[in-house]
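See structure below.
Read the figures in this text as sums done on the coordinates, not as results from a lab. Keep in mind it's a predicted model, so treat the numbers as computed, not measured. Positions of Cβ are generated from backbone atoms using ideal geometry, with glycine treated the same way; all protein chains shown enter the neighbour counts.
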Amino acid sequence: MKIIHKISQIREIIKDLNSSIGLVPTMGALHKGHASLIKKSVEDNDFTIVSVFVNPVQFGINEDFDKYPRTLQKDAQLCEKLGADVVFAPSVDEMYQDTKELTLVCPPYSAINKLCGKSRPGHFDGVATVVSKLFNITKCTRAYFGQKDAQQLFIIKKMVKDLNFDVEIVPCPIVREDDGLALSSRNSYLDENARKDALKLSAALKYSKELWQKGIRDKQTLCDSALKILGGLDVDYVEIVNPDTFEDWQENDKNALMLIAAKIPPVNTRLIDNMEL
Ligand code: AMP
């Protein structure tokens, strides 16, 4: 399996491929969550490209772009084991000639003025832009995204529809550790105590789901119970949305998705998680 750094090389490889191409966009430091996307792509397509790119355009100035884990050789070994055909790992210069004078793909305000978009201004412009570039570079048939980043998935699906990208978006379920912690590359920042704190996110979601299953539909009660479990963390948001529209959940909506973002002390690792109630 090849690791490719140049856009021209990807173009050369796909030029003569007369087959379905699956793309798995990642920022690397691959774990079992990413592996599930790669496996699905290998199953569904003749050719699978895993992109590994820590995209500077989606990081805010005080975020962890510099310290984000970079483990390309290990990632490539996993991709090979899973049957991927190519790892596409461009440099920042290869992807962006100039990040300051860049044509951006900007999702609508209604989709980004809430949840992660609210505390991470510019984040989803960066995501939509890099994903558009990856679609154009790889000419993929299908692209695989985790439900772990539910708002991202919603925005990408909308972008594909609004801009007529000829790509099928395949949502993949959240992969968790046995104790419930959602796999994330940022979990590598957690020491033993922080990891215990991080478990509060999935515990809060699970408890809210139990309340929901007992028939509780009062939004305040559901969110307050979650917040109680999240005690001690710097909570960014606990929200319930309609998963089809990402509008605030209303009592006559049948389905509800609870989403949480919180920073875990002592180094303020920002984690997100969500669960359909
Ligand atoms: P990232 O490398 O964090 O940008 O993630 C790349 C892709 O993997 C995104 O589509 C994520 O939603 C997905 N992903 C990350 N963690 C998980 C997980 N625990 N379960 C399923 N998908 C995941």
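Worth a mention:
- When W212 is tested against (1) more than 28 Å from A89 (Cβ to Cβ); (2) within 16 Å of the ligand (Cβ to nearest atom); (3) assigned to a helix (DSSP H, G or I), exactly one condition is not met: (2).
- Every pair of residues 6+ apart whose Cβ atoms lie under 6 Å, when the first sits in the stretch 243-257 and is under 18 Å from Q147 (Cβ atoms) while the second is aliphatic (A, V, I, L, M): P243/L257; W249/I240; W249/V241; W249/A256; A256/I240; A256/L277; L257/V241
- Within the stretch 131-177, tally of residues that are without any contact (Cβ under 8 Å) to a residue 40 or more places away in the chain and of a type in the set (S, T, Y): 1
- Residues (loosely packed, with under 15 Cβ neighbours inside 10 Å and free of Cβ contacts under 8 Å to residues at least 24 places away in the same chain) located in the stretch 178-192: D178, D179, D191, E192
- Among residues of the stretch 1-59, those that are in contact with a strand residue (DSSP E or B) (Cβ under 7 Å, 6 or more places away or on another chain) and of a type in the set (F, W, Y), counted: 1
- The set of residues in the stretch 107-154 that are away from the ligand (no atom under 13 Å from the Cβ), over 22 Å from V42 (Cα atoms) and among the polar types (S, T, N, Q) comprises S110, N113, S119, T129.
- Contacts under 8 angstrom Cβ, first residue in the stretch 92-109 being closer than 22 Å to R120 by Cβ, partner hydrophobic (A, V, I, L, M, F, W, C) and exposed (fewer than 12 other Cβ atoms within 10 Å of the Cβ), 6 or more apart: V105/L163
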